[in-house]
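This report concerns only the one structure given below.
The values are calculated or read from the model by the stated rules, or taken from the named source; none is laboratory data. Please read all numbers here as calculations on a predicted model, not as lab measurements. So basically every Cβ, Gly included, is an ideal-geometry build from the backbone, and we count neighbours across all protein chains shown.
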């Protein structure tokens, strides 16, 4: 063993090196985000609280079918409506409920939605929907989905009923997907 | 996707389109078809090592599956490991074919040989109340895998040193991955703490949690 | 419980039994190890698992193939991207789908970022277990940057749901490549920083060298994969052996250890992070153009058959065994969990060591209970 | 000193109250500074919600601990379980009675020394009393009826016993140089020598400090309460007030070790190079600095190093800790003792 090797094995230089690393970090910029005052900025594709638009929804149940855990409950009935003087049958939503407390925010419902622009979207950037009582407060009927009662929208976002559109930042959830045969 | 394809004895029919071929991702997917693999190099090797081992051999998507006799699986496993060099048991699991006449379960062994990086799947058919010889004596890694299969399917492994439930608890009533096990679960409260919960009490599947 | 009885010491011995976990700060979740101790020396150890069992494989059987992907996120929740990759790879294999090169490159990038993220968690918690607090925060700072990249790509940070059968659901966002490159460029310096804290540190060496030794032969016998296998000197990596997603086009090394101890596994993982950076640099340099989704039917109905497909996850070989009966739901979808099988070797590795070493070995196996218990 | 009542009752009583309060406050704020400094080393901010910039955090913590439910495990040994924290915290506080924070000064015509008493066997008193604390740890660990606590207690016992020896030996080297057991005299000896004892006794200083870290069960020697191994070691089962006592004792012990290190090796309340730079320290620009400020400053350096260690190092394993104590520190400190003794003979004999 060389002299320096021997010396290094006796005198703990490498411990001093470690102390140097932590010592330098003492003066580095801190990474903490002071949450309630400073809110982390979600990215454009961030999957947050649901936005839902009853006008756009065609009650096709695609989202309910796509949902891996079956938390979207839809009921509808047909109604006769007059469009351009013709009588047409139209599906009308009776019930569109999302059991948000079990939602895992996978976004498959959004991907399945065939309307353009989307009738259900998660790119609302809003993530503050915590509640003290999960069974009621985290069960969203179609009215609550649009009024966002109990959800604090992300700054700059307004509840769907007031006209917040899905930004469609992904170029549509299935951008680049080949047309199915 | 032909990554785990074995150097196959029977040349895979790769459809080579003629001029100006479209890339494969713009074509419709080419569904793999099962093919008899008795003449596959790996199967022949196995047949040479153990007499009358192969009951059925299928190649599908480049992976060879050999069905062997239930009673002989430990012997065949040992031969595979010692004579053929399949030292690494990658996976051991089971499949429940609920109403199949020739035995309800498939127990599936998936072996790897380091020398030339090929894999071979062994399969045995097991009835609901027959035992499978354990391969823990051949590959140590099979211990927990067999326990898991026992726990999830109720397949018994004869000669396993410690055949207990592993993912569910002792006293759990049922084998969750059997097809007749209800998806929503069963009432299990009483089985865990019989002195605390009366039979039928305890957490109830699908309950409101109140 | 019969578990307890089988480990009860003899009435006249000095040995004591101790239930280590499931609520213990260092068992990485809800692992429980029944220990038989002679003083602080471990006579026998018996892992008891299943506290996080959610019946994932049963749930898989009722999902469509794309619907299983969010569930795979929750297996090894520190490595969602590689879980996704393994599942979609298995389904693509049984469907005969070829993924477009751009999608494959994006998958490789996500998987390598995920490998780095998983290894940073491992380093932080492993060091924390051995008593060094600060690396935990340093590594998490880097991990957050990776999660930011994930969030930008697929909208989630942890449970990504980032791949689909046939390709990728999304195109990369504008500037993602630049941000990824910025991360990749600064990352090796950070690894060097962590190494300055630990690699030469005499306490770290004392705690890890010669601890939890497992020989190459018995590592194979116990079915170890991933860094625990490579730490024992077996040069084996699914990315090289069965290259998927065009891994054979990238130039990278498989680091291996020599002694199969905790220190070697530490070095292997540190080097793996650098190699991942290398792969990422190559990806970013030659990112192919083209579609990100192959032509696949909307309802995925694989033919009747069975297929096993595995990827090199951060923890080891993560495989999916798909059995299809021709329907839209998998008939059986079995996970070959790397952690589950790696953990099995724990008693072998800790017998005769001290309680403190048990912590080091649990840390070095890098287990995630979500994957073990499924 | 006309009135004996004042001299023997009032002044000590006031001093006791002041020192006790100061120590408790110091310990509480030590925890605050520790959290803050550790946080800053770990790119975090640390406690900053209670009071301005978190300065009231220790107070809030103390109130929380005092009003928290005091849980006694069902099968714990009640009396001993109660005794454990008392046995830990009492010696830790008693030790402060002999630590000289500064030289005597005049206050309202009285000669006041900023220490309770100057015992002529001060250093022996400290070593003796502070080792009582280990009983509290062992008994607390045993009485909790928890295997993790028990192991923590046992580890602590072995650790304290083994590290007391090299620590004592390194203290002896200072005694050789100072020719006194009184802490005040030791400081004065350093003034006479014109050099702090850590320069001639660099090895002893290093051993003393490392052993001090081990004695106070701090990282990298925090095995008795190693979180990742023994959950929380001997105080796993303690809560509320009793836990607060263990907590207080740990920080008080850190202060003790740091102040003794200051007294023995860094010249106590003396400014740097007290003789060589005497003119500088007496100059009007710097003369206002009270001696106690130097003391606190030096102590703070030690306390900072404590925290720095905690932020940096992994933890030793138990057998390695014992190896280090018995196979490294004891032989080295013995050799060092002989060497320093010879040096004192040679230089002093001139």
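For the stretch C:157-171, the candidate set comprises residues that are at pLDDT 85 or above and surrounded by fewer than 24 Cβ atoms within 10 Å (Cβ to Cβ); within that set, the residue that is nearest to the other protein chains (Cβ to nearest Cβ) is C:159. State all residues of the stretch C:226-248 that are assigned to a helix (DSSP H, G or I) and touching a helix residue (DSSP H, G or I) at 6+ places or on another chain (Cβ under 6 Å); if no residue qualifies, say none. Once the filter is applied, which keeps residues that are assigned to a helix (DSSP H, G or I) and touching a helix residue (DSSP H, G or I) at 6+ places or on another chain (Cβ under 6 Å), the stretch C:226-248 yields C:227, C:228, C:229, C:230, C:231, C:239, C:247. In summary, residue B:70 fulfils each of the numbered conditions (1) outside any loop (DSSP other than H, G, I, E, B); (2) over 21 Å from residue C:217 (Cα atoms); (3) more than 9 Å from chain C (Cβ to nearest Cβ) with the single exception of condition (1). Residues that are assigned to a loop (DSSP other than H, G, I, E, B) and over 11 Å from the mean Cα position of the chain (by Cα) within the stretch C:310-354 comprise C:325, C:326, C:327, C:328, C:329, C:330, C:331, C:344, C:345, C:351, C:352, C:353, listed in sequence order. Residues in the stretch B:47-72 that are in contact (Cβ under 8 Å) with a residue 12 or more places away in the chain and farther than 18 Å from residue C:308 by Cβ: B:49, B:50, B:53, B:54, B:55, B:69, B:70, B:71, B:72. Among the candidates B:141, B:118, B:132, B:149, the residue that is crowded, with 21+ Cβ neighbours inside 10 Å, in contact with a strand residue (DSSP E or B) (Cβ under 9 Å, 6 or more places away or on another chain) and away from every other protein chain (no Cβ under 11 Å) is uniquely B:132.
Condition check ((1) closer than 18 Å to residue D:92 by Cβ; (2) not in a helix (DSSP H, G or I)) across all residues:
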site	(1), (2)
D:150	no, no
D:160	yes, no
D:191	no, no
D:196	no, yes
D:205	no, no
D:241	yes, no
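The set of residues in the stretch C:182-202 being in a helix (DSSP H, G or I), within 12 Å of chain A (Cβ to nearest Cβ) and in contact (Cβ under 8 Å) with a residue 12 or more places away in the chain consists of C:190, C:193, C:194, C:195, C:197, C:198. Before we move on, is residue D:109 in contact with a helix residue (DSSP H, G or I) (Cβ under 8 Å, 6 or more places away or on another chain) and either over 23 Å from residue D:157 (Cα atoms) or modelled with pLDDT of 85 or more (or both)? Taking the combined requirement at face value, the residue does not satisfy it. Checked against (1) facing another protein chain (nearest Cβ under 8 Å); (2) modelled with pLDDT of 85 or more; (3) under 23 Å from residue C:343 (Cα atoms), residue B:164 passes all but condition (2). Scanning the stretch D:178-189 for residues that are buried (at least 24 other Cβ atoms within 10 Å of the Cβ) and under 20 Å from residue D:207 (Cβ atoms) yields a count of 2. The numbered conditions (1) part of a loop (DSSP other than H, G, I, E, B); (2) touching a helix residue (DSSP H, G or I) at 6+ places or on another chain (Cβ under 6 Å); (3) surrounded by fewer than 24 Cβ atoms within 10 Å (Cβ to Cβ); (4) more than 11 Å from chain B (Cβ to nearest Cβ) are all true for residue C:290 except (4). Of all the residues in the stretch D:15-67, those that are in contact with a strand residue (DSSP E or B) (Cβ under 9 Å, 6 or more places away or on another chain) and more than 22 Å from residue D:299 (Cα to Cα) number 0.
Going by the structure shown, is residue C:219 over 22 Å from the mean Cα position of the chain (by Cα) and either facing another protein chain (nearest Cβ under 9 Å) or closer than 30 Å to residue B:146 by Cβ (or both)? No; evaluated as a whole, the condition is false for this residue. Confirm whether residue C:175 is buried (at least 23 other Cβ atoms within 10 Å of the Cβ) and without any contact (Cβ under 8 Å) to a residue 40 or more places away in the chain. In short, no.
Here residue D:219 meets each of (1) away from chain C (no Cβ under 14 Å); (2) assigned to a loop (DSSP other than H, G, I, E, B) with one exception, condition (1).
This table checks each residue for (1) at positive phi; (2) loosely packed, with under 12 Cβ neighbours inside 10 Å; (3) not in a helix (DSSP H, G or I).
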| site | (1), (2), (3) |
| --- | --- |
| D:13 | no, yes, no |
| D:20 | no, no, no |
| D:24 | no, no, no |
| D:32 | no, no, no |
| D:37 | no, no, no |
| D:40 | no, no, no |
| D:43 | yes, no, yes |
| D:50 | no, no, yes |
| D:53 | yes, no, no |
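The condition (being away from chain C (no Cβ under 14 Å) and surrounded by 16 or more Cβ atoms within 10 Å (Cβ to Cβ)) is satisfied by just one residue among B:64, B:58, B:50: B:50. Pairs meeting the criteria (first residue in the stretch A:123-146 and at negative phi, second residue surrounded by fewer than 14 Cβ atoms within 10 Å (Cβ to Cβ) and modelled with pLDDT of 80 or more, beta carbons under 8 Å, at least 6 apart or on different chains) are A:141/A:95; A:142/A:95.
For (1) surrounded by 14 or more Cβ atoms within 10 Å (Cβ to Cβ); (2) within 14 Å of chain C (Cβ to nearest Cβ); (3) at pLDDT 85 or above; (4) in a loop (DSSP other than H, G, I, E, B), each residue gets a yes or a no:
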position	(1), (2), (3), (4)
D:273	yes, no, no, yes
D:276	no, no, no, yes
D:286	no, no, no, yes
D:289	no, no, no, yes
D:295	yes, no, no, no
D:304	yes, no, yes, no
D:309	yes, yes, yes, no
D:333	yes, no, yes, no
D:343	yes, no, no, no
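Among the residues of the stretch C:157-181, those identified as on the phi > 0 side of the Ramachandran plot and part of a loop (DSSP other than H, G, I, E, B) are C:161, C:166, C:175.
Within the stretch A:45-78, the set of residues being at the interface with chain C (Cβ under 10 Å from one of its Cβ atoms), surrounded by 15 or more Cβ atoms within 10 Å (Cβ to Cβ) and touching a helix residue (DSSP H, G or I) at 6+ places or on another chain (Cβ under 9 Å) comprises A:45, A:46, A:47, A:65, A:66, A:67, A:68, A:69. Taken together, C:205, C:145 contain a single residue that is under 21 Å from residue C:77 (Cβ atoms), more than 7 Å from every other protein chain (Cβ to nearest Cβ), free of Cβ contacts under 8 Å to residues at least 60 places away in the same chain and assigned to a helix (DSSP H, G or I), which is C:145.
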